[in-house]
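Worksheet: the structure to be examined is printed underneath.
The values are calculated or read from the model by the stated rules, or taken from the named source; none is laboratory data. Note that the structure is a prediction, hence the values are computed from the model and not measured. Please note: Cβ atoms are built from the backbone with ideal geometry, for glycine as well, and neighbour counts cover all protein chains shown. Keep in mind that these areas ignore ligands, DNA and RNA; they rest on the heavy atoms of the full protein, side chains included. Shrake-Rupley method; radii C 1.70, N 1.55, O 1.52, S 1.80 Å.
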Amino acid sequence: MWDFISERGDIIAYNALQHANLVLQAVFVATIVAVGIAVVVDRFQFLDPVANTVSAIGLTIPSFALVGLLLPLTMIGALTAFICVAFYATLPILRNAVVGFAQVDKTLIESARGMGMSDLGVLLRVRLPLAWPVIHAGVRTSVQMSMGIAAIAAYVLGPGLGGYIFTGLTQAGGVNAVNYALVGTVGIVLVALVADLLMLLLGRVTISKGIRA
């Protein structure tokens, strides 16, 4: 195993960075989309059960099935992988964002408006900061879930460590089959742990001490 890793150290490190890059970019886009949808849902309360239903149903769609649906439109490559990861990344963030905005004290919103704040100012300076701890928890969950989903990217020749897992499976019984599978699996776990530490740090930096759990 050590010889296998030492011989391929540079390419393994590169693929690990590509895996993390794919997930972080997808989660970043997913966060913007999910928060935007949650703002609309909070404004039109009748959409709340619709958003929850879409989130629940979306998570039941097998990732391979979604890849199959995307292939005729986006073809094989990084774009298909990105869309697939971003789709699943959006769902837990959306659910948490809806809950987070709903929990904001309405009297605080009215007070902010009474002080002359615009709707955008209330959103950015009152509602979003107060809802952010719940949204951040959803983003953190999304990052961890997306690490596994991103492994499927290898099926459409996307970037990341998933290719090692697929290579190990296709070469089952071969000399390096187990090495490929272990490098892919353990590598994704390590990248996920580092990403989680970064998310914890993000929470410490962006969540006000007054509302931090």
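Scanning segment 67-126 for residues that are part of a helix (DSSP H, G or I), farther than 25 Å from Ala51 by Cα and in contact (Cβ under 8 Å) with a residue 24 or more places away in the chain gives Leu71, Ala78. I'm told Val156 meets every condition in (1) in contact with a Cys (Cβ under 9 Å, 6 or more places away or on another chain); (2) open to solvent by 30 Å² or more (accessible area, probe 1.4 Å) except one. Can you identify the failing condition by its number? All conditions pass for Val156, except number (2). For Pro92, the requirement of being open to solvent by 50 Å² or more (accessible area, probe 1.4 Å) and not aliphatic (A, V, I, L, M) is not met. Of the residues making up segment 60-67, one or more are open to solvent by 60 Å² or more (accessible area, probe 1.4 Å) and either modelled with pLDDT under 85 or touching a His at 6+ places or on another chain (Cβ under 8 Å) (or both).
For segment 74-89: of the residues being at pLDDT 90 or above and open to solvent by less than 20 Å² (accessible area, probe 1.4 Å), which is farthest from the chain's Cα centre (by Cα)? Steps first, answer last, please.
The first filter runs over segment 74-89 and keeps only residues at pLDDT 90 or above, leaving 79-89.
Among the residues that remain, those that are also open to solvent by less than 20 Å² (accessible area, probe 1.4 Å) are: 80-81, 84-86, 88-89.
On the way: Thr80: 15, Ala81: 13, Cys84: 11, Val85: 7, Ala86: 7, Tyr88: 7, Ala89: 4 Å.
Top of the filtered list is Thr80.
Screening segment 95-117 for residues that are surrounded by fewer than 16 Cβ atoms within 10 Å (Cβ to Cβ) and among the polar types (S, T, N, Q) and picking the one that is nearest to the chain's Cα centre (by Cα) gives Gln103. If you take the residues in segment 178-207 that are over 20 Å from Tyr14 (Cα atoms) and open to solvent by less than 30 Å² (accessible area, probe 1.4 Å), which one is nearest to the chain's Cα centre (by Cα)? Result: Met199.
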